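In what follows, a structure is listed as structure tokens, so that the remarks can point back to it.
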Amino acid sequence: MQRHNRVQGAGGRSPLWLTGALACALAVPAAAQQQAPTLEELARRLAQLEQRYGAGTAAEGAEGLDLAALDQRLRALERNLELQEEARQAKEKEAAVVTVNNRGASLKSSNGDYEVRIRGLLQGDGRFFSSGAPGANDTFLLRTARPTIEGTLGKWIGYRLTPEFAGDSASIVDAYADLKFSPAASVRVGKFTSPVGLERLQSSASLSAVERGIASELAPNRDIGVQLQGELAKGTVSYALGVFNGAVDGRDAATTNPDDEFEYAARLFFEPFRNDPGFWSGLGFGIGGSVGDVSGSGNNFLPRYRTPGQQQFFGYRGTVAADGRRTRWSPQGYFYRNRFGLLAEYIRSSQEVAVAGTRAELDHDAWQATLSWVLTGEDASYRGVARPSSPFNPGKGGWGAWELVGRYGELDVDDGAFPLFADPAVSARGAQTWTLGVNWYLNSNLKLVANYLQTRFDGGAAGGADRRDEKAVFTRLQVAF
């Protein structure tokens, strides 16, 4: 009776109520017991829990057992467990998020402001010539070996670094930082693709053929400079406006500005039905261009044009110098609808040149169109077939995605280039080229490509004769993530 009175005086609660509460709090299943636990058993279990979770020092035995004291110790234990759970959740919120999937690997801060993404592109080619390519050997080569590190540094800064390890020496393909003020306006600084050619802006991993088409020979590739860019009207309008050191047609810029002159480039592109799931949702069209003064001779100032088979068919005489304005303009567009794809562009490149006191402005033109059809029904796009609906899995009915590709293009050299500025016995006045290909997307990371290429030339041989047609088969194994 004395103990019972002391318990009621500790808060007016019934011992049976507190006994049941302790049993529930200590997670003792009723089915596991033949009868209600005694206070001594509850005290021992509470002591064990306190010892396990560090709530305090457990008292040995049941001498001076007081339900009020047990209740206080139980509340202390519950609070201790709550604090541990809160600490665990706080630690989880601060922990970085690691993701590894078919798009590479990423490490992101808990709030998403800081991120590092690791991606890669590996392309191994086989080139086999049957005619029209003097000095070109049948060969296997490592065409591309590019790891990419990109991500964000806070909410306002993005970055990308892509070295190239294929070839005889390492080089830097992309190296830039973005100041992302808003989707409508960001500033890019560093080395990246000049915003002129449509196919030039397409990732090499997304190309429908092994090599870019002949029209891309007139568009600059990567340049060093600063560019304002953004998207407007819910992404249906995109623009770019930049100042660069200046790159010759079809090539990267030199590591430094070779002539103390700058080039200005711009692009405006429309996708008016981008947010509409209707028939024209995959339509895009626009125009790109550049202008700047160039002064100097050599490969950093004047271009050399190549076929899709990567064989040179036009070049200026060694004594010719670029001496004045260089301009380019390129109307361009594409249309993708379900499994069908069409990409087309026209480019004109004009350059003022001089040799032995004679000056001229030469205009070179090129155009190309590429058709694609995905046999297995996946959607075609500017970025290629993103993911086969049935990845390659022999024995289980998975054969990946298959795509047929056809491309035709022409490049015409200004007739005024001959014979003073270019040797007609070496350089062709024009080239017409076509490519047929098949792409096999085994999964979202592995792609096999086979192309047949043929190019016909106007001139380019001794005595004014036409250079022999170039015929080749190119193959590629591509791993991208």
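The values are calculated or read from the model by the stated rules, or taken from the named source; none is laboratory data. All of these numbers come straight from a predicted model, not from anything done at the bench. Reconstructed Cβ throughout: ideal geometry from the backbone, glycine too, with neighbour counts over all protein chains shown. Accessible surface areas use protein heavy atoms only, side chains included; no ligands, DNA or RNA. Shrake-Rupley method; radii C 1.70, N 1.55, O 1.52, S 1.80 Å.
Tell me, what is the Rg over Rh of the chain, with Rh the Kirkwood radius over Cα pairs? Value, to two decimals: 1.27.
Using the alpha carbons alone, the radius of gyration of segment 162-213 stands to its Kirkwood radius in an Rg to Rh ratio of 1.04. Using θ = phi - 60° in the Karplus curve 6.51 cos²θ - 1.76 cosθ + 1.60, the 3J(HN,Hα) couplings for segment 135-147 round to x, 8, 8, 4, 7, 9, 8, 8, 6, 9, 9, 10, x Hz; x is entered for Gly and Pro. Considering all different alpha carbon pairs of segment 292-367, the Kirkwood hydrodynamic radius works out to 14.4 Å. Since only G459, P195, V291 are under comparison, the one whose Cα sits farthest along the positive direction of the charge dipole of the chain, derived from C-beta charges on Lys, Arg, Asp and Glu, is P195.
Over the chain, with the other protein chains present, what is the accessible area per residue in square angstrom, probe 1.4 angstrom? Spell out each step's value before the answer.
Working: 24350 Å² over 481 residues.
That works out to 51 Å² for each residue.
Note on E82 and N275: the extension gain reaches 64.7 nm, defined as 0.36 nm multiplied by sequence separation minus the Cα-Cα distance. Entry note, segment 373-481: relative contact order of 22 percent, from Cα contacts under 8 Å with a spacing of 6+ residues. Given their separation in residues at 0.36 nm each and the Cα-Cα distance between them, L342 and V426 gain 26.8 nm when the chain is fully extended. In this structure the amide hydrogen of D423, modeled in the peptide plane, comes within under 5 Å of the amide hydrogens of R317, none closer than 5 places in sequence on its chain. Once the cut-off is 16 Å, how many percent of the Cα-Cα pairs in segment 334-388 end up in the long-distance tail? Percentage above 16 Å: 59. Here is the list for segment 140-239: trypsin sites (Lys or Arg not before Pro) lying in DSSP coil, each with at most 11 other C-beta atoms within 10 angstrom of its C-beta, are K155, K234. Whole-Hz Karplus values for segment 454-459 come out as 9, 10, 10, 10, 9, x Hz, taken residue by residue from phi with 6.51 cos²θ - 1.76 cosθ + 1.60 and θ = phi - 60°; glycine and proline positions read x.
In whole percent, what relative contact order does segment 410-466 give with Cα contacts below 8 Å and a gap of six or more residues? Walk me through the numbers before you get to the answer.
Numbers: 90 pairs, mean separation 21.5, N = 57.
Once divided by the residue count of segment 410-466, the mean separation gives 38 percent.
Number of Lys-Lys pairs in the chain with C-alpha atoms under 26 Å apart and a separation of 8 or more places or on different chains: 15. Each 10 Å bin from zero holds the following percent of Cα-Cα pairs in segment 169-284: 13, 38, 36, 12, 2. The length gained by stretching the chain between Q51 and D466 to full extension, at 0.36 nm per residue less their Cα-Cα distance, is 140.0 nm.
Kirkwood-based Rg over Rh for segment 366-481 (C-alpha set), two decimals? Intermediate values should be presented prior to the final figure.
Values: Rg = 19.4 Å, Rh = 16.6 Å.
We get a ratio of 1.17 for segment 366-481.
Of the peptides 147-153, 241-247, 462-468, 422-428, the order by per-residue mean of other Cβ atoms within 10 Å, starting with the highest, comes out as 241-247, 422-428, 147-153, 462-468.
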